[in-house]
Amino acid sequence: MKNQLFSILFLGAGKRVSLLKSFIKASKKLDINLKMYSYELDTYQPIAKLAKIIVGEKWSSINLENDILKVIKKHKINLLVSNSDPATLCHSKLSNIHNAAKNVSPIDKVNTCLSKDIFQEYCELNFLPIIPKAEEYEFPCFAKPVIGSASKGIRLILTKDEKKAFLKNKTENFIFQKYIDGTEYTVDAYISNAKKICVISPRIRLSTSGGESVISQTIDNEYIVKTSKYIINKLDLIGPVTIQFIQDKFNKQIYLMEVNPRLGGGVLASIQSGFDIPKIMLQDATNQKTDLVLKGKKILMKRYFMEEYYE
């Protein structure tokens, strides 16, 4: 790839400046001439300092796939990188149409992961350690939107009367799970197009904002790594994957919360600790031998705000 242009189209990168910087750093290691674009609703996005903004359709648009395909062809895109659940869904639909979109899980698996009621049923049928459903009169319990991400719409229900009022006023479908009080873990993983698990990096979610980790600590946890491998193989996942667990602080049992077949917002902690997922993604996309990273450094990541200004 030396001196040959390689183009990435990020779908909804928005604020992920640090993620794009990690791809730039990885491209230099591999001597790749990198060009970056990002598909957004407007040009006023912080990542505009690193990528050319392509103003496109809403995720809900019926023209979305065709529009992104036009962008891929026009700008000779070599790799798609999804940064949200709706983007991942579109990405997967394009995976059999264009080679740039192949680094994503199959559409049936993406649909399974992104629908909480279907995912709950799948896990129960396949004996994956999902948080159990709450019984009808079991409190406290968690109400979670069937379709949703970044913890939006999740509500803790404390009493029967509160649940009754909630059901009366709700405007979307929910599932109800047992309330688990404990420590949350995230696993950042990457599975190559040849279905080799290249990275499994567990970290503790110490603090979150808007559903994303703002304080995260990478750890070694053999059980979580082993369970993550089993989940990945069972679901037949490909590309970047984020898996979330919670460990009950009383009985110490670890439960599966959700699987997102894309890069997570806190993946920078894993990248910085030595699990260079951007580098491996570039290796995979350019048909090079992909690194296999078995262990990284233990680090603590704290995120902070920066400002961008537009006239």
State which residue is most open to solvent (accessible area, probe 1.4 Å) when the search covers only the range 267-288 and only residues that are at negative phi and in a loop (DSSP other than H, G, I, E, B). 288
Do the conditions hold for residue 22, that is, is it touching a residue at least 40 places away in the same chain (Cβ under 8 Å), in contact with a Phe, Trp or Tyr (Cβ under 9 Å, 6 or more places away or on another chain), outside any loop (DSSP other than H, G, I, E, B) and buried (at least 16 other Cβ atoms within 10 Å of the Cβ)? no
Looking at the range 63-77, I want the residues that are more than 17 Å from residue 36 (Cβ to Cβ) and have a partner that is open to solvent by 40 Å² or more (accessible area, probe 1.4 Å) and charged (D, E, K, R) with Cβ atoms under 8 Å, at least 6 apart or on another chain. Which pairs are those? 63/57; 64/57; 64/58; 65/93; 67/57
Answer residue from the range 32-83, given it is of a type in the set (Ser, Thr, Tyr) and touching a Lys or Arg at 6+ places or on another chain (Cβ under 8 Å) and is nearest to residue 147 (Cα to Cα) among those: 82
Filter the range 197-207 for residues that are more than 15 Å from the chain's Cα centre (by Cα) and farther than 17 Å from residue 277 by Cα; the one that is surrounded by the fewest Cβ atoms within 10 Å (Cβ to Cβ) is 207
Within the range 25-43, take every residue that is within 23 Å of the chain's Cα centre (by Cα) and open to solvent by 70 Å² or more (accessible area, probe 1.4 Å) and give me the one that is nearest to residue 78 (Cα to Cα). 35
Counting only residues that are open to solvent by 70 Å² or more (accessible area, probe 1.4 Å) and among the β-branched types (Val, Ile, Thr), the range 155-196 contains a total of 1
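The values are calculated or read from the model by the stated rules, or taken from the named source; none is laboratory data. Values in this document were obtained by computation on a predicted structure and should not be read as measured data. For neighbour counting, all protein chains shown are included, and Cβ atoms are generated from backbone atoms with ideal geometry for every residue, glycine included. Surface accessibility is based on the protein's heavy atoms, side chains included, excluding ligands, DNA and RNA. Shrake-Rupley method; radii C 1.70, N 1.55, O 1.52, S 1.80 Å.
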